[in-house]
């Protein structure tokens, strides 16, 4: 009897090879589940966003009111909007955990450079999308956040002011800015989706890294059912965490000033970005010179992109690298500290703490990672000789 | 648990002192404690009759007595520790006392009788200067009033509508679909009438301020004489909860300032509590539905989590019970 297999048909066999029969190292821990959870976040953001766009009006006089219309008059509108607004935060939580897992287990290391670089590109696109998305409700923080961040472009020598006006589509953040931000906010998620498929394709060339960081070909199991059901546990726990915010603390992660309609004549006491930008914002503010601050932000992403090439350790996983493990957890603490500094006023002692934390941030990527690998190798060779 | 209760009592004591300072009788400060020490929740009491809310307030007398006793016992401590304002407090406003609102809990809905009373406070006191642009008359139906009550209320105002078939605008009585009327035609008019200050729209006020519900309540009761050394310009009033300490809004709530249709005694703190609850509802009208839906959804997800964990262990049991033999010789 010949068994008809749908999964051997064109296209479906690709699905089968990458999502069903896909060979996965059997020792992946729950930390490996954040990739698929991030994918779910992206799909949820796109879906809620499409439905929100059916009721939203990108005009400076109507944007704020149309958001309130969604909250009050659209059936289930508050659910869609709280899911979308908190969904952005959830997406960043998941992606940051995904990134820290990567740093801990050295998943960025050769031969997975392409996976890592595509991941950093996705992060950059996410930051851009989240930033322009936060502008759309046209509250006070939307307006002033947009003004502060787009003005960073004016730090570029010679053409800075022209570039800023080109970004705004006028001589201030105004209706043209809001319109183009809405258009781009609808476009970018689909580019992120495309980049995510490339990210997955690049990953599947060599397969996942694993908690031991060594070659895992000796013991791989099919993705379905093993990792489907393992990831499912992560998804439902994530759903519980996410729903807690939607239903019981929908405005905790937002800023109250964004419930005040944008007013170009009145500057808020403190202009604070969304929490997921705070570490980078702290680095920007710890440098008194505007251009240097912008360059420092650039350096954050350049260091991330260069990471696989800066790394000199033949061992991937921190499990076998006690010194690296300490530096890693210090880096996690440093990132959290920078996040806290980012929402403090620019005054003593926050400025100094922020500067020291920024120094460690770059020390970790640009000095610790390149030299520690060499140092560990020399220690190992030394003990081998002895 | 004990320390949390003690903290709450300190805060209640602080509000008692505050209320007493703002020249109200000690009786009025007590009614605030009634509301906050009693956590009875009335869900769906959309058209609550006066009798039910009277009954509930008499039931809570015991709760109040306990609260007041605790409050007075701790008030000395509260005065000595919390009335020292730092430079930061002057800039951002005094740190807000935390009250346990009846709708704080996960399974708590708004106190709808309080929303109804709060609407009466808004209508009779606040609406003279503050708009509530996001609220239509229809929003009040089955929340604080019956449909008939709201229709009658809406018909009391005149709305300019049109144009009609002849191209003329015309006046008509208000309908359920109309928004609550604004006191001023525009921001310029509002500023002109208020010495340059703009009374903000209150639709989102509890969401648009940090810890907004406690902020509005503390602000309404926070008026007192400026301490020595602080100069307040003419036309401004001292209120330590307002960032900067000088607010253009005068103290508006006084005992008996409103006549409640359910017979509740309109003390200053009672009115502050009711109007704050009303504004909390105006900012988050979806609150009750949201928490109910959340409770159902979280329950379902919790069940699904148990199932998913079981399923994962079931599927993985084969792999987890493998015996790996490394046969290096062959």
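The values are calculated or read from the model by the stated rules, or taken from the named source; none is laboratory data. Worth saying up front: this structure is predicted, and the values here are computed from it rather than measured. Please note: Cβ atoms are built from the backbone with ideal geometry, for glycine as well, and neighbour counts cover all protein chains shown.
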**region B:183-205 - residue that is in a helix (DSSP H, G or I) and within 13 Å of chain A (Cβ to nearest Cβ) and, of those, surrounded by the fewest Cβ atoms within 10 Å (Cβ to Cβ)** = B:188
**Complete:** If we keep only residues of region A:194-227 that are surrounded by 18 or more Cβ atoms within 10 Å (Cβ to Cβ), assigned to a helix (DSSP H, G or I) and over 22 Å from the mean Cα position of the chain (by Cα), then the residue nearest to the other protein chains (Cβ to nearest Cβ) is A:226
**Complete:** Scanning region A:240-258 residue by residue, those at the interface with chain B (Cβ under 9 Å from one of its Cβ atoms) and either touching a strand residue (DSSP E or B) at 6+ places or on another chain (Cβ under 6 Å) or more than 21 Å from residue B:243 (Cα to Cα) (or both) turn out to be A:240, A:243, A:244, A:246, A:247, A:248, A:250, A:251, A:258
**Odd one out for residue A:309, checked against (1) over 20 Å from residue A:94 (Cα atoms); (2) within 22 Å of the chain's Cα centre (by Cα); (3) in the same structural domain as residue A:80 (by TED's automatic domain parsing)** = (3)
**Item:** Matching residues in region A:164-179 - criterion: being part of a helix (DSSP H, G or I) and either more than 16 Å from residue A:262 (Cβ to Cβ) or not assigned by TED's automatic domain parsing to the domain that holds residue A:141 (or both)
**Value:** A:164, A:165, A:166, A:167
**Prompt:** When you look at residue B:328, is it more than 21 Å from the chain's Cα centre (by Cα), modelled with pLDDT under 95 and more than 9 Å from every other protein chain (Cβ to nearest Cβ), yes or no?
**Reply:** yes
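Let's see how each residue does on (1) surrounded by 16 or more Cβ atoms within 10 Å (Cβ to Cβ); (2) under 30 Å from residue A:81 (Cα atoms); (3) without any contact (Cβ under 8 Å) to a residue 60 or more places away in the chain; (4) not assigned by TED's automatic domain parsing to the domain that holds residue B:126:
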{"position": "B:256", "(1), (2), (3), (4)": "no, no, yes, no"}
{"position": "B:263", "(1), (2), (3), (4)": "no, no, no, no"}
{"position": "B:274", "(1), (2), (3), (4)": "yes, yes, no, no"}
{"position": "B:299", "(1), (2), (3), (4)": "no, yes, yes, yes"}
{"position": "B:306", "(1), (2), (3), (4)": "no, yes, yes, yes"}
{"position": "B:312", "(1), (2), (3), (4)": "yes, no, yes, yes"}
**Request:** Just need a number here: residues in region A:55-80 that are within 21 Å of residue B:293 (Cβ to Cβ) and away from chain B (no Cβ under 13 Å).
**Result:** 1
**Asked** Is it true that some residue in region A:37-57 is more than 23 Å from residue A:188 (Cα to Cα) and in contact (Cβ under 8 Å) with a residue 12 or more places away in the chain?
**Response** no
**Prompt:** Could we say that residue A:27 is over 30 Å from residue A:366 (Cα atoms) and within 14 Å of another protein chain (Cβ to nearest Cβ) here?
**Reply:** yes
**Which listed residue is over 30 Å from the mean Cα position of the chain (by Cα), assigned to a helix (DSSP H, G or I) and within 12 Å of chain A (Cβ to nearest Cβ), from B:291, B:296, B:312** = B:312
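Identify, please: which residue in region B:208-241 is within 20 Å of the chain's Cα centre (by Cα) and surrounded by fewer than 21 Cβ atoms within 10 Å (Cβ to Cβ) and is, among those, nearest to the other protein chains (Cβ to nearest Cβ)?
The extreme case among them is B:210.
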**Prompt:** Which of the residues that make up region B:273-288 are part of a helix (DSSP H, G or I) and at the interface with chain A (Cβ under 9 Å from one of its Cβ atoms)?
**Reply:** B:283
**Prompt:** Looking only at helices (runs of 4 or more DSSP H) that fall completely inside region B:83-168, which ones have 3 or more residues that are within 14 Å of chain A (Cβ to nearest Cβ)?
**Reply:** B:87-92, B:137-140
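If I ask for residues that are surrounded by fewer than 18 Cβ atoms within 10 Å (Cβ to Cβ) and under 28 Å from residue A:339 (Cα atoms), which ones from region A:361-386 would you list?
The answer is A:362, A:363, A:366, A:367, A:370, A:371.
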**Fill in**
Note on residue A:230: of the conditions (1) farther than 30 Å from residue B:326 by Cβ; (2) in contact (Cβ under 8 Å) with a residue 40 or more places away in the chain; (3) facing another protein chain (nearest Cβ under 9 Å), unmet is (1)
